[in-house]
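First comes the structure, then the notes that go with it.
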Amino acid sequence: MPPCGNALNDRLRERHGIVTSQLEFLRFLRDHPGSRVADPAAEFASGIGVTSKGTERLEKRAWVIRRTNPSDRRSSLLDLTDDGLQLVEAAEATFTETLAELTAGALGGP
């Protein structure tokens, strides 16, 4: 990952306990409530197993909930918890602020 990405990950990890890929996943769930695991897997071109494991990590931190899909009991639907939604909002602000700092330095001004 380029230095800018490392700085973003470091700041997100320090302030919120997540990295940019997790922020993107949480943002996807915020913008697509009730998604199946296959939906973010397709969006981010990752395997369903990898996406499911990542979801489990976020569930353990009480940011995501998985509920049975009423139209297909073999699959689950994913939603953010209230804490997950608050996390996304706070982490987005940190991401934007950090990106502005990094690009201002690279471009020589605000």
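Computed from the coordinates by the stated procedures, all read-outs in this text should not be read as laboratory data. If you're wondering where the values come from, they're calculated on a predicted model, not measured in any experiment. Cβ atoms come from the backbone with ideal geometry, glycine included; neighbour counts cover every protein chain shown.
With respect to the chain, whose longest principal axis is taken over its alpha-carbon atoms, helix 20-31 is tilted by about 50°. Compared with the dominant principal axis of the Cα atoms in the chain, helix 48-60 is inclined by about 80°. Rounded to whole numbers, the Karplus 3J(HN,Hα) couplings from phi for region 79-89 are 9, 7, 7, 4, 5, x, 5, 4, 4, 4, 4 Hz, using 6.51 cos²θ - 1.76 cosθ + 1.60 with θ = phi - 60°, and x at Gly and Pro.
Mean projected area of the convex hull spanned by the Cα atoms of the chain, taken over all viewing directions: 7.5 nm². Full extension of the chain between S52 and S76 gives 7.6 nm of extra length, using 0.36 nm per residue less the Cα-Cα distance.
Of the trypsin sites (Lys or Arg not before Pro) found in region 12-110, those in coil by DSSP whose Cβ has at most 11 other Cβ atoms within 10 Å are R73, R74.
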